[in-house]
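The values are calculated or read from the model by the stated rules, or taken from the named source; none is laboratory data. Not measured: the values here are computed from a predicted model. Backbone-built Cβ (ideal geometry, glycine too); neighbour counts: all protein chains shown. The protein model used for the area step is the full one, side chains on, heavy atoms only, and it has no ligands, DNA or RNA in it. Shrake-Rupley method; radii C 1.70, N 1.55, O 1.52, S 1.80 Å.
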Amino acid sequence: MKIVIIGASGTMGSYLVNAFEKEHEVIGADRNNPNIKVDITSPPSITRMFELIGPFDALICTAGPTYVGPWKTLTDATFRNGVEGKMMGQINLVLIGQDYINAQGSFTLISGAVTHEPQKNFANASAANAAIDGFVRAAAIELPKGIRINAVSPTVIENSPQYFPFFPGETPVTMKQLEYGFRKSIFGTNSGYIISL
Ligand SMILES: NC(=O)c1ccc[n+]([C@@H]2O[C@H](COP(=O)([O-])OP(=O)(O)OC[C@H]3O[C@@H](n4cnc5c(N)ncnc54)[C@H](OP(=O)(O)O)[C@@H]3O)[C@@H](O)[C@H]2O)c1
């Protein structure tokens, strides 16, 4: 399977590249990638990426920039980090990518548990995640060519200890659990699911 991983240099992305490249052709992309550069906040940049990559079978997105910070620092400008990044960036990957993905292919987007279990400093992520969850459910009933779409929605993950203080009492999701959430989406048959971890 030819699998595209957006956010390949990140905490989640680098783990998933390593996990999937043993069995599949994996193509990583992010803003500073030596091979495939993409800025998901720019639709022309997304189109250029898909033109370079050509047809593929699955796309994972772990790039979901949001603004993390105290309530008082939330403004139109700071909030747009999540709107133009995690929300529209991922939605545009699907709207543009549907013309490049093979029939029966799959998109797996990144969401997060703060949608339903808010934590201080994460209002921007909560809102962007909720938009992604809604988009995934709606897109699943309209995407052509048997294309599936799901979102993986973890709480804080074990390789991000810098976030532990923001999630008191939360048991971190292991990287293996995260990998299997993505495996369920890519290699399973469901569509329109929010895979909560
Ligand atoms: N870490 C957690 O505990 C956790 C838990 C639940 C949900 N999440 C969500 O999961 C996502 C990934 O988390 P992470 O911890 O893996 O993040 P991360 O380590 O910061 O990695 C983010 C990746 O996305 C890329 N990226 C950022 N902005 C981009 C853009 N505009 N265009 C293209 N690529 C971009 C980054 O590379 P460049 O900056 O070089 O482009 C990097 O490869 C986030 O949306 C986060 O909200 C994280």
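Things to note:
- In order along the stretch 60-67, the Karplus-derived 3J(HN,Hα) couplings, from 6.51 cos²θ - 1.76 cosθ + 1.60 at θ = phi - 60°, round to 10, 10, 10, 9, x, x, 9, 9 Hz, and Gly and Pro are given as x.
- Rounded if a/c under 1.5, otherwise prolate or oblate - the stretch 1-67, Cα gyration tensor axes: oblate
- For the stretch 99-197, averaging the sequence separation of C-alpha pairs within contact (under 8 Å, six or more residues apart) and dividing by the residue count gives a relative contact order of 35 percent.
- Two-site FRET efficiency, residue 190 against residue 25, from Cβ-Cβ distance with R₀ of 25 Å, rounded to 0.05: 0.60
- Split the accessible area of the stretch 1-105 by element, probe 1.4 Å, and carbon with sulfur accounts for 53%.
- When the inverse distances between all different Cα atoms of the chain are averaged and flipped, the Kirkwood radius reads 16.7 angstrom.
- In this structure, the amide hydrogen of residue 193, modeled 1.01 Å from its nitrogen in the peptide plane, lies closer than 5 angstrom to those of 151, counting only residues at least 5 positions away or on a different chain.
- Backbone amide hydrogens, once placed in the peptide plane, bring residue 148 within less than 5 Å of 105, 106, 107, excluding anything fewer than 5 places away on its chain.
- Dipole axis of the chain (+1 Lys, Arg; -1 Asp, Glu on Cβ), positive-most option in 34, 113, 190: 113
- Alpha-carbon spread of the stretch 31-129, three principal axes, descending order, Å: 44, 25, 21
- Computed on the chain, with alpha-carbon pairs under 8 angstrom and 6+ residues apart, the relative contact order is 19 percent.
- Residue-wise HN-Hα couplings along the stretch 25-39, as the Karplus relation 6.51 cos²θ - 1.76 cosθ + 1.60 with θ = phi - 60° gives them from phi, are 7, 10, 10, x, 8, 6, 5, 10, 5, x, 9, 10, 8, 8, 10 Hz; Gly and Pro carry x.
- Rounded accessible area per residue of the stretch 70-187, 1.4 Å, Å²: 47
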